[in-house]
Amino acid sequence: MARETSQLVAEQVRMLSTRTRGAELLGIMRADPYAQILGLIDEYHLENGYEFTPQQNSLTECLRQEIPEIMEARAKRLSDEASSLPPTHFLVLTILTALILVGYTVATLTLVDEGGVPSQEARVVFTGLTAIYVLFFNFCKDLNSPFDGVYQIKRSSAASYLLQVKWL
């Protein structure tokens, strides 16, 4: 069991260090190494009749608790890698939006009538620009959080599991 588990861990490390995200998803789809480790633990329990020392019980229970957490961390990592827009994109987008809107407002202030009201065309253009920037920002923010918001996709590991079931 130790040799098989070590081989699975070594294969996972090799995949993480040398292969792409797509290759990792394909590997998860065909045979999830963490699910295989859990299967080896179950097989070990069946072979030995559930009679273990306290140390062995503690180790197997620890593995049973840690592996799902590792799987969840992997799903989060794969999801974060799938994010299309980096956080600095939003900072740049916010700063540019603020600069353009402030600049437009300052330029429009010179075109006011006697009552201090900008022309109708300037108000329509300002409203259109503001609406476009707000919509674009919200759209980018929604796309960058693939599991929240209006446009949602399934978790990568859940999708991989469904594809894995399809291969069976």
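Every number in this text was worked out from the coordinates using simple rules, so none of it is lab data. Just so you know, these numbers come straight off a predicted model, no measurement behind them. Positions of Cβ are backbone-derived with ideal geometry, glycine not excepted, and every protein chain shown enters the neighbour counts.
Tabulated values for the structure
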read-out	value
Length-normalised contact order of the range 24-147 in % [C-alpha pairs under 8 Å, at least 6 apart]	28 percent
Loop sites in the range 1-83: GluC sites (Glu not before Pro), DSSP, at most 16 other Cβ within 10 Å	51
Size of electric dipole in the range 1-46: Cβ of Lys, Arg +1 and of Asp, Glu -1, about Cα centre, debye, nearest 20	260 debye
Cα gyration tensor shape of the range 1-40, rounded if a/c is under 1.5, else prolate or oblate by comparing a/b with b/c	oblate
log₁₀ of I(q)/I(0) at q = 0.11, 0.23 Å⁻¹ - the range 1-82, Debye sum with one point per alpha carbon	-0.34, -1.16
DSSP-assigned coil residues among chymotrypsin sites (Phe, Trp or Tyr not before Pro) in the range 34-64, each with at most 13 further Cβ atoms within 10 Å	50
Residue 139 versus residue 109: modelled label distance in nm, points set 7 Å from Cα along the beta carbon direction	3.2 nm
